[in-house]
Structures are given as C-alpha cells and as structure tokens.
1. Where does helix 295-306 land angle-wise versus the long Cα axis of the chain, in degrees 0 to 90, nearest 10?
2. Long-range amide H contacts for Gly316: which residues qualify at under 5 Å (H placed 1.01 Å from N, peptide plane, sequence gap of 5 or more or a different chain)?
3. By how many degrees, between 0 and 90 and to the nearest 10, does the Cα long axis of helix 93-114 differ from the longest principal axis of the chain?
4. Tell me which of Gly295, Val235, Ser340 sits at the most positive position along the dipole axis of the stretch 120-355, charges placed on C-beta atoms (Lys, Arg +1; Asp, Glu -1).
5. Name the shape class, rounded, prolate or oblate, that the alpha-carbon gyration tensor gives for the chain, where a ≥ b ≥ c are the square roots of its eigenvalues, rounded holds for a/c under 1.5, and otherwise prolate holds if a/b is larger than b/c and oblate otherwise.
6. Hey, got the dipole for the stretch 102-153? About the Cα centre, +1 on K and R Cβ, -1 on D and E Cβ, debye to the nearest 20?
7. Round to a whole angstrom and tell me the spacing of the C-alpha centers of the stretch 35-64 and the stretch 279-356.
8. Once you have a ≥ b ≥ c as the square roots of the Cα gyration tensor eigenvalues for the stretch 5-115, tell me rounded if a/c is under 1.5, and otherwise prolate or oblate according to whether a/b is larger than b/c.
Amino acid sequence: MRSLQCRWWPYRLEFRTPFRTARGMLYERYGLIVELRTPDGVIGLGDVAPWPGSEARALLEAKAWLTELRQADAFRDERSLRQALHRVPASASGARAARAAIETALVDLLAQREGVMLARWLHPAARPAVAVNALIGLFDVERTVAAACQAVAAGYSALKLKVRLEPSETERVAAVRAAVGSAVRLRLDANGAATIEQALAFARAIAPLDVEYLEQPVETLEDLAELRRRSPVPVAADEVLIGLGEVERALMLAAADILILKLPLLGGPHCLLAAVEQAARCGIGAVITSIFESGIGLAAALHTAAALADHEQVHGLATAVMLRSLGTAERFEPVEGRLSLPSGSGLGVRWDEGQAGT
C-alpha cells in the first residue's frame, strides 16, 4: 500500500436522555474520527472513543500521539504504520484509543481492497449477525421492570442492568427476575464502585436470582481476584482490562470468570481478538461491549464480535438506541435481540457530517 494521508476531526454525540451509572450521569459523548486515504481515493475510518468522562485528557493524548505519527512519517506505507502501532505509551489511554482507531481504519482499507466485509476479512466464517443484550440504566424498580419487559418482548435474551451495590438494589434485581422469568440472562454492572465487602454482601444477596455475572463490582484486579474466590456469583472484569498486558495479568491472577472487552481500551480489533484467544486458553469466556462510540466505532466492535466464529456469545453492543445520532446513516438497531452487520466491504459505513455535532 502506497503512502497514506491521515486526518482527524472531533465529534459530539448526545444521549437521548441522561444515562445514569454507579459513577454518575452521562449527557454527551466526545471523540475523534480518524480517516486514512490512499492515493487512489479509498478511505478507511476509525473512532477514537476514550472511556466516557475521561475525554478531556484522553483526547489530548490521542491528538498528541497522532501528531507524532505524522511527524515520524508513519503514514508513508503500511509497513511503517504497522510498526508505529507497536509503539503506544502503555499508560496513555488516549493514545491506546487512537491506536484502535488507526488500526480500524487500516483494516477497513484492507478489507475494502479485497472486496469483503471486515468481519469476514478477520475470519472467513464470521457470523452475519450478533446476539446482543439490552442495556438498562439506574431507574427505580417500576421503570426498570417496565424496561426489562419491553426488551424481552422485543426479542432480547439477555439484559444488562446498571446497579449500585446497595441492599435496596436486591429488590430491584429480584423484581426484574420475577417479571422476565428464568430463561432470560441477567447481567449486573456496578462500574467498580464498591469495596470487596460491599460487593460480597451484594453477591450473596443476589445469588438466588440466577445472575449470569456481576461486572466490575470493585476497582482493581487484585480486589476482583479476592472477590472471585469468595463470591457465590460469577465475577466479570471490565474497566481494568486496559491493554493486553492487563488481560494477561487478569488471567494470571484468576481475577474473573468472564472478560468484558472494548476495542478502544484494548487497542483495536487484532488486540481484542488476541485477548479472546488468550482467555479461551484459560477456559475464560469473553463479551465484547461498546462504549457509546459513534457508528464508526460501533461498526468496528460489531465486525470484531462477528469474527468470533468459534465463540458463541451474547455481546453488549446495543447502545445506539441510547444516543440521538451516531454520526452515520446506519442506526444499528437490533431486531429480535440481534444486530446485523452492515452490507458492503470493509466497515460498511461512512461518516455523515450532518449526523453529529463537533
């Protein structure tokens, strides 16, 4: 591949209604779209989507790293760019999110060159659609049950509830379980907001409710490992899985029963697929989740999930419905609890400047 041109620009996405998690309210989402263009006009796109709430610092890191790549002439050819992708500061979350965007844009280009959708470029037996869970925020019991019932009626087989690890939350989870029955999977996400003892007390309280897993109830891998040894409910790791090094450490510590993986935190599709394989060798499953990205980032996560042809799973990619626009014409709305891949080669989506703010 001959010399590439690279440019990037900011975007802003608004939530339809403020989304409450254990760590606070989300009103809008900021990021960068990265474009790689070949001399003959083929365009690959990627999304720099840091953890929500960290954008101010992380996007400065991302822009600095992208500028360094440009100054180092890393875009002169594919080989130089691939080499540059190995030189990401380990502690810079913004640079890692930018790496994910650059790698996504590059594989988007390569898949388009071969005339295949990205998922099948990553794995020839990729699935045409991916099962996804419904995401339910921190509502009162009545609204939570209503949202859960609506999701099940729409065809979802798994529900992910944002929770606080408080005694009163057990009633909320129990009400959902009673309303949706035993066949629906329940996943609970606490966003790392509790101590080990708080998380353990909560796990014991919800144990009779057949919860699939309790996601990131404590902050560190060490605390997760301690909790997992004592918890009657399976434990999942999420926010702490920043880069392949932390995935390896999570597996070494036996810190989780399942890994929740996000493209911007891992560094791109290849890094995420490598993490899934590492986990599988240890008998640990993985769920790919979105991070309220634009349509470009969500398409990348969806293609990567579809490429896990040997790992049947319900993934956490049904976040588009939370946002007013994704910046793309594609809305990524699940049908019967499944998201279909965009048609066309590469990512199969294009940025629409009229669909997102800046």
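1. 70
2. Asn133, Ile288, Thr289, Ser290
3. 60
4. Towards the positive end, the residue furthest out is Ser340.
5. prolate
6. 200
7. 17
8. Cα axes put the stretch 5-115 in the prolate bin.
Taken together, the values in this text are just the output of simple stated rules run on the coordinates, not laboratory data. Predicted, not measured: the structure shown is a model, and the values here were computed from it. Note that we place each Cβ from the backbone using ideal geometry, even for glycine, and neighbour counts take in every protein chain shown.
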